[in-house]
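Have a look at the structure below, then the notes.
Taken together, the values in this text are just the output of simple stated rules run on the coordinates, not laboratory data. Since the structure is predicted, the reported quantities are computational estimates derived from the model, not experimental observations. We place every Cβ from the backbone using ideal geometry, glycine too, and count neighbours over all the protein chains shown.
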There are 2 protein chains.
Amino acid sequence: MTQAVAKKKERSTLSAGDWEQQALVLIAEKGIRAVAVELLARRMGVTKGSFYWHFQNRESLLEQSLIRWEKHDEVNLQTSLGAIEDPRERLRSFFRRTGREKLTHNVYSSLCMASDHPQVEPLLERVAERRMRHIEKAFAEIGFDPQEASHRARLTYSAYLGFLQLQKQHQTPSLSSEEFEAYMTHVIATLIPEK
Amino acid sequence: MTQAVAKKKERSTLSAGDWEQQALVLIAEKGIRAVAVELLARRMGVTKGSFYWHFQNRESLLEQSLIRWEKHDEVNLQTSLGAIEDPRERLRSFFRRTGREKLTHNVYSSLCMASDHPQVEPLLERVAERRMRHIEKAFAEIGFDPQEASHRARLTYSAYLGFLQLQKQHQTPSLSSEEFEAYMTHVIATLIPEK
DNA sequence: ACGTCTCCATACTTCTGAGTATGGTAAATG
DNA sequence: CATTTACCATACTCAGAAGTATGGAGACGT
C-alpha cells in the first residue's frame, strides 16, 4: 500500500487536484487575480498544454479550487471548533485559530479582497453565514437571547474580518508576541463577557 | 465672482482635477483595477489623447487621485469628528458616519480590497494609523489608560473594517432599518462602555 | 491676421494573458 | 508488437489595455 499510494509529489503526471491545490497556494500568496494559467504551469513544472487538458478554462479551475477550499473550511469548522464543548472556549479558539491553518486562512483573506468577483461573491456569503451561525450558536449556548447572540456574533465576526484586514496592511503586532497576546486577551474579554 | 468661478461641469475643457475626481468615482464603484484610461475617457466624454496630455501615465493619475482623497479624508477627520467635544459622542459618530459621505467611504472600502497594490499600501497604512490614533485619543479622554485605550482603538477599528467587508458581501442589514439600528446600538454599547 | 499654446481625436504599436491547434512521448492494453 | 490513451510541449491566434505619434481645432495675445 505504501508504495501504491506513494507521495503525490513523486508522481510523474499531474492530476486536476494538484492544479487546484497549487491554485489555492497562489491565491493565498497573491490573490485570485494572480492565478494565471502560464504562471501556474511554470510552478507545476509544465506548460499550458497540460493545464488545458485537465480543465476547460481558467474559470473552471477557479470553480473547482473554490469548491475544494469551501469543503475543507466546512469540515474544519465542524471538527476543529465543533469538538469543543465549552462555548466560551470555542469562541476563544476561533480567534486563536488565526495562527494555525495558515494556508486556508490566507486563502480566505485573499478571497475577501476579491468580494466583487462573481465566483467568489456567493462563496464568501455562504462561508460568512456559516461561520456567523456557528458563533451565534455558541453565544446562545452561553445564555444570551437570540437577538443578543445574533448581534454579538456579527460584531465578533466583524472584529475578526477587520483583524484580517489590518494584518494585510501590516498594522497588527506580530503573532506570538506579548503585545499580540495582550491585545488578544483584551478582545476576548470585551467580546466574550463572563456573564 | 460667481461668474468667474462658475460650475466646473460647464467648463468646456477638462482639468487634471476633473480626471482625478472621476477616477475616485470609478474607484468607489468598481475598484482601483477598473480605472482604465479609455473607460475613464469615455466617461469624461473625450478620448485617450486628452488624458495623456494631463497625465504622464496611469500611475501618475492614481497617485494624484489618492493624494487628493487622503487630504479630503484627513480634513474630514478633523472637522467632522474633531469638532465634537464629548469623546463618547465622537466615537459614536465615527460609526454612524458610514451612512453619510458615501463617496469617500466607498473609495476607502475599495482601496481596502487592493491593499496589495504598491500605491495603495502605504496610503492605507497612514490612514488606518491616523484614524486609530484619533480613536485611541478619544478613549484616553474617557479615562482609559494608554494600554487599554490602544487596544480598544484597535478593536473598534477592526469592527469598523469588518463591517465594511460584510457590507461589500451584502451580509449587513440595510442602513436605516430598525434591524441596523439595533445592531448599531449593541456595537456602541459593547465597544464604548459607560465606565 | 497670424502664430502659438492648449486641449483633444485618430491611428498606430506593444505587451500580456487566455485560449486553440496540433503534434510528440511514455505507459498501458489488446 | 502495435495501438490507443493520457499527459504534455510548441506555436500559434485573439482581445484588451497602456502608451505613442501626429495632426487638428479653437482660444488668445500681439
query: Which of the residues spanning segment A:14-29 are in a helix (DSSP H, G or I) and either free of Cβ contacts under 8 Å to residues at least 40 places away in the same chain or away from chain B (no Cβ under 14 Å) (or both)?
result: A:Ala16, A:Gly17, A:Asp18, A:Trp19, A:Glu20, A:Gln21, A:Gln22, A:Ala23, A:Leu24, A:Val25, A:Leu26
- line: Of the residues in segment A:161-181 that are aliphatic (A, V, I, L, M) and at the interface with chain B (Cβ under 7 Å from one of its Cβ atoms), the one that is surrounded by the most Cβ atoms within 10 Å (Cβ to Cβ) is A:Leu161
message: I'd like the full set of residues that are surrounded by 14 or more Cβ atoms within 10 Å (Cβ to Cβ) and more than 11 Å from DNA strand D (Cβ to nearest atom), limited to segment B:45-69.
response: B:His54, B:Glu63, B:Gln64, B:Ser65, B:Leu66, B:Arg68, B:Trp69
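Pick out the one residue from B:Ser158, B:Ser115 that is part of a helix (DSSP H, G or I), among the polar types (S, T, N, Q) and within 12 Å of another protein chain (Cβ to nearest Cβ).
B:Ser158
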task: Considering each residue of segment B:35-44, count those that are surrounded by 14 or more Cβ atoms within 10 Å (Cβ to Cβ), closer than 30 Å to A:Cys112 by Cβ and touching a Ser or Thr at 6+ places or on another chain (Cβ under 9 Å), and give that number.
output: 1
field: Residues of segment B:61-91 satisfying the condition of being without any contact (Cβ under 8 Å) to a residue 40 or more places away in the chain and either hydrophobic (A, V, I, L, M, F, W, C) or within 15 Å of B:Leu24 (Cβ to Cβ) (or both)
entry: B:Ile67, B:Lys71, B:His72, B:Val75, B:Asn76, B:Ala83, B:Ile84
Test for A:His151: is it touching a His at 6+ places or on another chain (Cβ under 6 Å), farther than 25 Å from B:Arg126 by Cα and not aliphatic (A, V, I, L, M): yes
message: Among the residues of segment B:14-31, what is the count of those that are surrounded by 20 or more Cβ atoms within 10 Å (Cβ to Cβ) and either among the β-branched types (Val, Ile, Thr) or within 14 Å of B:Phe55 (Cα to Cα) (or both)?
response: 4
Selection status of B:Arg126, closer than 13 Å to B:Asp73 by Cβ and either within 9 Å of chain A (Cβ to nearest Cβ) or touching a residue at least 12 places away in the same chain (Cβ under 8 Å) (or both): yes
- line: Selection over segment B:48-82 where residues are among the acidic types (Asp, Glu) and within 16 Å of DNA strand C (Cβ to nearest atom) yields a count of 1
message: Looking only at segment B:38-56, how many residues end up being within 30 Å of B:Gln167 (Cβ to Cβ) and either in contact (Cβ under 8 Å) with a residue 24 or more places away in the chain or not in a helix (DSSP H, G or I) (or both)?
response: 1
- prompt: What are the residues in segment A:182-195 that are assigned to a helix (DSSP H, G or I) and either facing chain B (nearest Cβ under 9 Å) or acidic (Asp, Glu) (or both), if any?
  reply: A:Ala182, A:Tyr183, A:Thr185, A:His186, A:Val187, A:Thr190, A:Leu191
- prompt: Does B:Ile27 count as under 14 Å from the mean Cα position of the chain (by Cα) and within 16 Å of DNA strand D (Cβ to nearest atom)?
  reply: yes
message: Of the conditions (1) at the interface with another protein chain (Cβ under 7 Å from one of its Cβ atoms); (2) farther than 18 Å from B:Ile188 by Cβ, A:Arg133 satisfies every one except a single condition; which number is it?
response: (1)
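Does B:Leu62 satisfy being within 21 Å of the chain's Cα centre (by Cα) and assigned to a helix (DSSP H, G or I)?
Answer is yes for this residue.
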